[in-house]
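The values are calculated or read from the model by the stated rules, or taken from the named source; none is laboratory data. Treat the numbers as computed from the prediction; the structure is a model and nothing was measured. All Cβ positions, glycine included, derive from the backbone under ideal geometry; neighbour counts span all protein chains shown.
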Amino acid sequence: MNAISKHFGALLAGVAMTAVVTGAALADPAIIYDLGGKFDKSFNEAAYNGAEAWKKETGGNYIDVELQNDAQREQALRRFASQGANPIVMAGFSWGTALNTVAAEFPDINFVVIDAVVEQPNVQSIVFDEHTGSFLVGAIAALKSTTGTVGFVGGMDVPIIHKFYCGYAQGAKAVKADIKLIENYTGTTPAAWNDPVTAGELAKAQFDAGADVSFAAAGGSGLGVLQAAADAGKFSIGVDSNQNYLHPGSVLTSMLKRVDVAVSTAFKEAGDDATFKPGVNVLGLAQDGVGYALDDNNAALITDDIKAKVEEFKAKIISGEIKVHDYTADNSCPGI
Amino acid sequence: MDMVVILSTLDATIRLSTPLLLACLAGMYSERAGVFDIGLEGKMLMAAFAAAATASVTGSVWAGLAAGLGISLMTALLQGAAAITLKGNQLIAGTAINMLAVGLTTFLGIQWFAQGGRTPQLKEGERFTEVKLPFADELANVPVVGPIYSDLISGHNILVYIAFLAVPVTWFVLFRTRFGLRLRAVGENPKAVDTAGISVIAMRYQAVLITGLLCGFAGAFFSIAQGSGFGNNMTAGKGFIALAALIFAKWKPVPAMFTCLLFGFLDALQIRLQGVEVGGVQVPVQAIQALPYVLTVILLAGFIGKAVGPKAGGVAYSKER
C-alpha cells in the first residue's frame, strides 16, 4: 500500500467514525503490556492470551504494544488514545500515575487497568484476590512438602508481591502450623521481573536450606525458579498463567490469575458505554478470577487427598468461614 | 551456620564467580598487551545471545557454544580494528561495543523469537548440565573430604572447570612462555618490542582475540549453563565487576581468581542473608543487595594500595616516522 492510499484509508475510517453516532464502539481495542514483555510465560502472556481469545471469538482486530521502559507509559497511552482505540486495556500495577493523567485528557475513551486502582469516571480497575489464590497454593505446598520447609521467590519487592507471600504463608500454616517458610525477593527495581538467573540462585539457596517446594511470584524471573527446581528434582509453583507444562512433574501447580478472562471481557464490554462498568471490580475465588491449575501435567502430583483438602479450603474461603488477610489492606501480615 | 549451609554457600560462590573469572582473565590478556578493554560486558552479552539462540534453533549445546565463541571473537576483532588498526580511543571503542551489544541482542531477539527479547527456554541437551566427577558418589560418605569433593568440587557444569583451569594456563602463558613475555612487553614498552622486530599490531590482535575467546565462554555460561535462555541485558554489569576485579588483582592470574571468588562469595552471601535477622533486627533486602557493590568501592578505594596498570595501556601504537 502506498502512502496515498494509506492516507485515503485513514480518511475513510475518519468519515466512518463521524458518520456513526456510537463511533467509539467501532474502534479497535488496544492493550499495553507491562515491562517483562508479551511472552513472559506469566502475567503479560496471560493478558495476551485473553486478547487472542477475544480475537478468535469475535474475529475482530486489536492493537498492542510492549513497553521497553517506564518512561513510555504516558506516551503509549496517548498515542493509542489519539488514534481512537477504545477501550484501552493495560496490564500491570505501575499504571496509576500515567493513567490518571491521560484518562482525564480523553474523557470519551474507556480505559481498563488490571492490577491497579485509578479513580476516574472513564476507568475500570480490575484487581484480583491474589491472597486467596496464594492461600490455596500455599496449602498445596505444605501438603506436598516432606521436609516441612517451603520457599517463596518474589519478583520486585513491592506490596502486591508481599500480598502473594502473605496469602501463601497463611495457606501453608493452615495445613501445618509449624511449617518453616523462606521468603526471598529477586530485587528492588523493575529489572527484577526479568532476572531468571538471580531468581534461580535464590531458589537453589532455598532448596539447599531444606525447602522442597518454591512458589515463584516473579513474572519472567520465575522461569529461573522453575528451572532450578526441575534441575534439583524439587517442586515449584508457577504464577499468573498456567505454567504446569514448562517442566511437567516438577511444577506442582500454578497460582492462576485469570488476567486472560479479564482482558477478553474488557475487550467485549468496555468499548461500549452501555456495557462499560467504571469503578473497581474485584475478581476472587468465587468469580474464578484466581485459583490453582490442575491439568494432565500435574495430575500425578496432586493426589485426591490434596485436592479434597484444597477444595475444602476454597469452599470455606468463599463462604467466609476462613478469612485470608490481605497484605495490601494494612501493609502487614499478622502471625507470619 | 551448619556444614550444609556453608557448603551450599561455597557451591554457589563457585557458580557465581565463574563468569567473573572468565571475563577477568579475558581482560587480563587484552590489558597486559596494552589495550584497555571496557567492552568485556558487550562481548559477553553478544556471546550469551548467540549461544542461546543457536542452541535453541539447532538443539545442540555445542553448536550454541561454538556460535557464542564465534560471535565474541568477531566482536573482539571489530573492537580491535577500531582500537588497534584505526588507533581510536580504546575506552570509547569498548563503550561502543557495550552499547551495540545491548541494542543489537534485544533487537534481534524480538525480531527472531518475538518473545520480548528473550530466546525460547532451552530444553535438555540444549544447555550444559552438571558434570559428576569420578568417584563423587563413592567418596560422598568420607568425613570432611567426602562432602567437599562430591558437593563442592564435583557437580558443576563444564564451563566452570574450564574457567578454573584457565587460571594456571593463563599464568603459564603469560609468565613462562616467549609469547607471554612479548605480550607483556607490548603492554609495557611497545617501542622496544618493535625495535626487536616483532609486530606490535600482530601481538595486540592476538591478545584481543584471546580476550574474545574467553568472553565467549563467559557469555555462554550465562545463557546456556547457569541460565536456560537469553534475557535482555542478562550480564547485568558483570563485565564491569570483572574489570574491577582485574585492577584489584593487579593484573595477575592467581590473585584474580581469589578476587573473583570473593565477589562471587559476596553475591552468594547476599542471596542467603535475605530476610535473616542479625541481632534481632531484620536487615533490609536493599542493604544486603548493595553489599557486593559497596565492598567493591571500599576495596578499590582503600585496601589494595597502588594498582599500576601496564605502562603503555590505553595508547594506540604508532611507529614514529
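The table that follows gives values for the structure above.
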item: Residue that is within 14 Å of chain B (Cβ to nearest Cβ) and either surrounded by fewer than 24 Cβ atoms within 10 Å (Cβ to Cβ) or over 18 Å from the mean Cα position of the chain (by Cα) (or both), where the choices are A:Gly219, A:Gly171, A:Gly233, A:Gly238; result: A:Gly233
item: Residue ID - nearest to the other protein chains (Cβ to nearest Cβ), chosen from residues in segment B:101-121 that are surrounded by 15 or more Cβ atoms within 10 Å (Cβ to Cβ) and in a loop (DSSP other than H, G, I, E, B); result: B:Gly116
item: Set B:Gly212, B:Gly197: member being of a type outside the set (Ser, Thr, Tyr), over 30 Å from B:Val160 (Cβ atoms) and away from every other protein chain (no Cβ under 14 Å); result: B:Gly197
item: Residue in segment A:86-105 that is within 14 Å of another protein chain (Cβ to nearest Cβ) and in contact (Cβ under 8 Å) with a residue 60 or more places away in the chain present; result: yes
item: Of residues in segment B:73-85 being over 14 Å from B:Ala47 (Cα atoms) and of a type in the set (Val, Ile, Thr), the one surrounded by the most Cβ atoms within 10 Å (Cβ to Cβ); result: B:Ile84
item: Output for segment A:86-101, where each listed residue is surrounded by fewer than 24 Cβ atoms within 10 Å (Cβ to Cβ) and farther than 23 Å from A:Trp193 by Cβ; result: A:Thr101
item: One residue from B:Gly229, B:Gly302, B:Gly309, B:Gly314 being at positive phi and surrounded by fewer than 22 Cβ atoms within 10 Å (Cβ to Cβ); result: B:Gly314
item: Of all residues making up segment B:159-188, the number that are in contact (Cβ under 8 Å) with a residue 40 or more places away in the chain and not acidic (Asp, Glu); result: 15
item: Qualifying positions in segment A:36-51 - basic (Lys, Arg) and within 7 Å of chain B (Cβ to nearest Cβ); result: A:Lys38
item: Segment B:7-54, residues that are part of a helix (DSSP H, G or I), over 16 Å from B:Ile71 (Cβ atoms) and away from chain A (no Cβ under 14 Å); result: B:Leu21, B:Cys24, B:Leu25, B:Gly27, B:Met28, B:Tyr29, B:Ser30, B:Glu31, B:Arg32
item: Close pairs (8 angstrom Cβ cut-off, 6 or more residues apart or separate chains): on the phi > 0 side of the Ramachandran plot in segment A:312-327, at pLDDT below 95 and surrounded by 12 or more Cβ atoms within 10 Å (Cβ to Cβ) anywhere; result: none
item: Qualifying residue in segment A:258-269 (condition: closer than 26 Å to A:Thr198 by Cβ, basic (Lys, Arg) and crowded, with 18+ Cβ neighbours inside 10 Å); result: no
item: Residue list for segment A:174-213, filter: within 7 Å of chain B (Cβ to nearest Cβ), in contact (Cβ under 8 Å) with a residue 40 or more places away in the chain and buried (at least 23 other Cβ atoms within 10 Å of the Cβ); result: A:Asn194, A:Leu202
item: Subset tally (residues that are closer than 24 Å to B:Val61 by Cβ, within 14 Å of another protein chain (Cβ to nearest Cβ) and surrounded by 13 or more Cβ atoms within 10 Å (Cβ to Cβ)) for segment B:131-150; result: 1
item: Hey, A:Asp70 at pLDDT below 90 and either closer than 27 Å to A:Ile161 by Cβ or of a type in the set (Lys, Arg) (or both) or not; result: yes
item: Candidates B:Gly88, B:Gly70 - the one that is in a loop (DSSP other than H, G, I, E, B), surrounded by fewer than 21 Cβ atoms within 10 Å (Cβ to Cβ) and not aromatic (Phe, Trp, Tyr); result: B:Gly88
item: Residue within segment B:244-266 that is within 23 Å of A:Val225 (Cβ to Cβ), without any contact (Cβ under 8 Å) to a residue 24 or more places away in the chain and within 13 Å of chain A (Cβ to nearest Cβ) present; result: no
item: Index of the failed condition, B:Val4 passing every other in (1) more than 14 Å from every other protein chain (Cβ to nearest Cβ); (2) within 26 Å of B:Met257 (Cα to Cα); (3) among the aliphatic types (A, V, I, L, M); result: (1)
item: Yes/no for A:Leu252 being aliphatic (A, V, I, L, M) and within 14 Å of chain B (Cβ to nearest Cβ); result: no
